[in-house]
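To start, the structure itself, in structure tokens.
Read-outs: derived from the displayed coordinates by stated rules, not from any lab. Everything quoted here is computed from the prediction, not taken from an experiment. Cβ placement follows ideal geometry from the backbone for every residue including glycine, while neighbour counts extend to all protein chains displayed.
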Amino acid sequence: MQETRHTRVQHQKNRKKQNIRRLFVAAVILLLVVCVVWISRPGTVQEETPATGPAVSGVEPTTNDGDGDKQQEPQIPVLPEEESWKIVLVNSSHALPDGYVPEMTTVDNTSFQFDIRAAEDLNAMLRDARAEGLSPMICSSYRTWERQTTLFEKQVEKQQATGLSYEDAYEKAKTVVAYPGTSEHQTGLTADIVATSHQLLDDSQADTAEQQWLMANCWKYGFILRYPLGKSEETGIIYEPWHYRYVGQEVAQYITENGLCLEEYWQQLEALQQA
Ligand SMILES: [Zn+2]
């Protein structure tokens, strides 16, 4: 009896132990299943996407002009050495190399001079504008060193006439007329174009049908509006809705599509070369 009771008790104890073990194993399996489900739930993956998302798309708006659907980063055109003349950067901190005199030719059946390598594109642009019933005219293109010096001195005088000191007039003049050696007109790749019916060099020029057409179409001929609205800080020059600069079709298209100015294109180019 004693032995039998003992065996029964022992048997019950064993069954209890077995139950506890089963319960333990079941709990471990349940825990594992919960873990697997937790890790693979969609929310976990999605949470990572926005974390990297804004960093990438945060860069894009400056380089992508509202073309939000484009997933690919725009490819910055890098010109081969023999075409680097097209993107020569001339501004207050980048003067032309000494003795830079490109081969020139006359354009648009006028006596205005332009770099011979870009002249035909300028002719084509003006010809096509006229075919649209417009009347654009060049009022300035290539300038020699002497000519730029004269223009600058005249501007200093004009500023002095408003009551500024010579120093202040000198500094102010630099924002209106490029300091000799730092004018794009000395590259032979720039033309000031106005509407024949509205030959004023001020903001109102932008409202003419001629400028509207030129601003919308110039990139097709390799030109950009060199000093666009809202970029004075980057270019150092006031808004000039008449000053067109040849950079070649590829770069003109990139700059236009991405809402850049030439300085910003160069910044991107240098960043790319340093990467
Ligand atoms: Zn100009």
Quiz prompt | Phi-based couplings in Hz for the range 146-158 (Karplus 6.51, -1.76, 1.60; Gly and Pro marked x) | solution = 5, 4, 5, 5, 4, 4, 5, 4, 4, 5, 4, 4, 4
Quiz prompt | Exposure proxy order (Cβ contacts within 10 Å, fewest to most) of Y239, Y246 | solution = Y239, Y246
Quiz prompt | Per-residue Cβ neighbour rank within 10 angstrom, fewest leading, D203, D192, D121 | solution = D203, D192, D121
Quiz item: Whose amide H sits under 5 Å from the amide H of I116, counting only residues 5 or more places off or on another chain, with H placed in the peptide plane?
Solution: E103, M104, T105
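State the extension gain, in nm to one decimal, for the chain segment bounded by T162 and V101, taking 0.36 nm per residue of separation less the distance between their alpha-carbons. Please list the in-between numbers first.
Numbers: separation 61, 0.36 × 61 = 21.96 nm, distance 3.54 nm.
Separation in residues times 0.36 nm, less the Cα-Cα distance, equals 18.4 nm.
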Quiz item: With θ set to phi - 60° and the Karplus curve 6.51 cos²θ - 1.76 cosθ + 1.60, what are the ³J(HN,Hα) couplings of the range 188-199 in order, to the nearest whole Hz, using x for Gly and Pro?
Solution: x, 10, 10, 9, 8, 10, 10, 7, 4, 7, 8, 8
Practice problem: For the range 205-212, take each phi angle, set θ = phi - 60°, evaluate the Karplus expression 6.51 cos²θ - 1.76 cosθ + 1.60, and give the result in whole Hz per residue in order, putting x for glycine and proline. | Solution: 4, 5, 7, 6, 4, 4, 5, 4
Self-check item: Sorted by Cβ neighbour density within 10 Å, fewest at the top, the residues I237, I76
Solution: I76, I237
